[in-house]
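Reading through the structure tokens given below for one structure.
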Amino acid sequence: MWKLGAMNQAIPYRSIDTKQSLVSAAFGGSGSWRDVSASVSESAAIVFARRGCCMSHVVKRLLLGLGANPAVYEVEEDEESGVVEELEAIAQLGKGKVELPAVFIGGALFGGLERVMATHISGDLVPILKQAGALWL
């Protein structure tokens, strides 16, 4: 199956086994700390989100609406604690400091829904995304 990507190029669409974590599948099945860490550091904007969570949906839609097109990794509920621990290690924070949805901008933990919304309302989100390379305009 094919779907249209940026600038109307056809890109292959592959389905992911629902028993496997989307994070693990996105990282080639391993979901190791090194893969998560590399993905965070290499991407201008990444959202780690609970599958089906309304707050995650709001964060994703806001960033997409601004034109940021962040990488989005949906995490299954039963694997959430392991992924959160990995994100806390990447962000070098103490236990219990990262909650989903977690937004990383420019390789650093930016925050969750509250921080993204507050920064957007104050008008500071677009300049931050531009500085990180997530927006080009």
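The values are calculated or read from the model by the stated rules, or taken from the named source; none is laboratory data. Given the structure is predicted, the values throughout are model-derived calculations rather than measurements. Cβ placement follows ideal geometry from the backbone for every residue including glycine, while neighbour counts extend to all protein chains displayed. The accessibility values were calculated without ligands, DNA or RNA, using every heavy atom of the protein model including side chains. Shrake-Rupley method; radii C 1.70, N 1.55, O 1.52, S 1.80 Å.
Could you tell me how many of the residues in the range 50-71 are among the basic types (K, R), in a helix (DSSP H, G or I) and open to solvent by 50 Å² or more (accessible area, probe 1.4 Å)? Explain how you work it out, then say what you get.
So in the range 50-71, the residues among the basic types (K, R) come out as 50-51, 60-61.
Still in the running and in a helix (DSSP H, G or I): 60-61.
Add one more test, that the residue is open to solvent by 50 Å² or more (accessible area, probe 1.4 Å), and what stays is 61.
Residues flagged as among the basic types (K, R), in a helix (DSSP H, G or I) and open to solvent by 50 Å² or more (accessible area, probe 1.4 Å) within the range 50-71 amount to 1.
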Requested in this report: Please indicate, with yes or no, whether at least one residue in the range 127-137 is open to solvent by 50 Å² or more (accessible area, probe 1.4 Å), among the hydrophobic types (A, V, I, L, M, F, W, C), in contact (Cβ under 8 Å) with a residue 60 or more places away in the chain and more than 22 Å from V36 (Cα to Cα).
Outcome: yes
Report summary line: How many residues of the range 77-104 are buried (at least 17 other Cβ atoms within 10 Å of the Cβ), farther than 14 Å from M117 by Cβ and in contact (Cβ under 8 Å) with a residue 40 or more places away in the chain? The answer is 7
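Yes/no matrix, rows are residues, columns are (1) of a type in the set (D, E, K, R); (2) over 16 Å from the mean Cα position of the chain (by Cα); (3) closer than 17 Å to S43 by Cα:
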| site | (1), (2), (3) |
| --- | --- |
| L87 | no, no, yes |
| G107 | no, no, yes |
| M117 | no, no, no |
| V126 | no, yes, yes |
| L129 | no, no, yes |
| W136 | no, yes, yes |
